[in-house]
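Okay, structure first, notes after.
Just so it is clear, none of the values below were taken in a lab; they were calculated from the coordinates. Because the structure is a prediction, the values reported are computed rather than measured. Virtual Cβ from ideal backbone geometry, glycine too; neighbours counted across all protein chains shown.
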Amino acid sequence: SAVISQKPSRDICQRGTSLTIQCQVDSQVTMMFWYRQQPGQSLTLIATANQGSEATYESGFVIDKFPISRPNLTFSTLTVSNMSPEDSSIYLCSVWTNEKLFFGSGTQLSVL
Amino acid sequence: EDKVVQSPLSLVVHEGDTVTLNCSYEVTNFRSLLWYKQEKKAPTFLFMLTSSGIEKKSGRLSSILDKKELFSILNITATQTGDSAIYLCAVDVYGNKLVFGAGTILRVKS
């Protein structure tokens, strides 16, 4: 399995501000995936981050709101921009290893 | 639209009970079905199933897939308080994209 480090672990932010979440993997991977889990909801894929190209966003998610960087094969960031209380969620990065999806430790975001 | 439905949404049992969690799916392209346990923030991997009728087992947990009837079950025997968690079912539909069910909240009382 992959070891995936994610930070911050949690944060409380004011509306209108932005937060950048970092994800570091202990091995090189082609794709990294960012998920969101709103309170009481299941996981929803935000986007797929590929090294060397723009991220691919799922329906309902746009680059202006959730810009993603993927500077190398072991690292990615997700920014939640111009936050509102509706952005309060757990954000998870993940990678596929041996045909299984493994998750980072998660970021609990609360927006006031 | 790809859909994964889990039942029950929640249940409360006593230590030592056996529980069965259900997952049904309707997807356009099935590659595999995965089960996860979520205790705090990060889901942890339990099983991946690709073939019908082959039971995967790990300790007190086991799971089986029925591709004809489009469902899977996760069994937990001799439950312990440490089994209290949200259990997530997900289907890999395309290009490593997982569609998740809403989860089953399990609470095991001592």
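As a ratio to 2.2 N^0.38 Å, the alpha-carbon radius of gyration computed for segment A:4-95 takes the value 1.02. Summing charges over all other residues whose Cβ lies under 15 Å from the Cβ of A:Thr74, with Lys and Arg as +1 and Asp and Glu as -1, gives +1. Across the protein assembly as shown, the volume of the C-alpha convex hull divided among the residues equals 121 Å³ per residue.
Straight Cα distances below 23 angstrom link B:Lys40 to the lysines A:Lys7, A:Lys100, B:Lys97, B:Lys109, with same-chain residues fewer than 8 positions distant left out. Let me check I've understood the local charge: for B:Cys23, count other residues with C-beta under 12 angstrom from its C-beta, Lys and Arg +1, Asp and Glu -1. What total comes out? Net charge in that neighbourhood comes out at -2. For segment B:3-109, a simple Cβ point-charge model (Lys and Arg +1, Asp and Glu -1, everything else neutral) yields a dipole of about 260 debye relative to the Cα centre.
Mind checking segment B:19-110 for GluC sites (Glu not before Pro) that DSSP puts in a loop (not H, G, I, E or B) and that have at most 14 other Cβ atoms within 10 Å? If you can, show how the numbers build up before the last one.
Details: sites: B:Glu26, B:Glu39, B:Glu55, B:Glu69; in loops: B:Glu39, B:Glu55, B:Glu69.
Counting only loop positions with at most 14 other Cβ atoms within 10 Å, the GluC sites (Glu not before Pro) in segment B:19-110 are B:Glu39, B:Glu55, B:Glu69.
Around the Cα centre of segment A:4-95, unit charges on the Cβ atoms of Lys, Arg, Asp and Glu (plus for the first two, minus for the last two) sum to a dipole of about 140 debye.
Of the residues A:Ile12, A:Ile90, A:Ile46, which exhibits the maximal mean-square fluctuation in a Gaussian network model of chain A defined by a 10 Å Cα contact cut-off? It is A:Ile12.
Considering only the protein assembly as shown, what is the antiparallel percent among its DSSP beta bridges, to the nearest 5?
Details: 74 of 83 bridges.
Among the beta bridges of the protein assembly as shown, antiparallel pairing accounts for roughly 90 percent.
Once you charge only the Cβ atoms, +1 for Lys and Arg and -1 for Asp and Glu, what is the size of the charge dipole of the protein assembly as shown about its Cα centre, to the nearest 20 debye? Before the final figure, lay out each step's value.
Values: 20 positive and 19 negative charges, 72 e Å.
About 340 debye.
What does the charge count around A:Met31 come to, taking other residues whose C-beta lies under 11 Å from its C-beta (Lys +1, Arg +1, Asp -1, Glu -1)? Display every interim value, and only then the final one.
Numbers: positive: A:Arg70, B:Lys97; negative: none.
Residues close to A:Met31 contribute a combined charge of +2.
Distance between the C-alpha centres of segment B:1-71 and segment A:72-112: 23 Å, rounded to the whole angstrom. When the Gaussian network model of chain A links Cα atoms closer than 10 Å, the mean-square fluctuations of A:Cys23, A:Cys93, A:Cys13 top out at A:Cys13.
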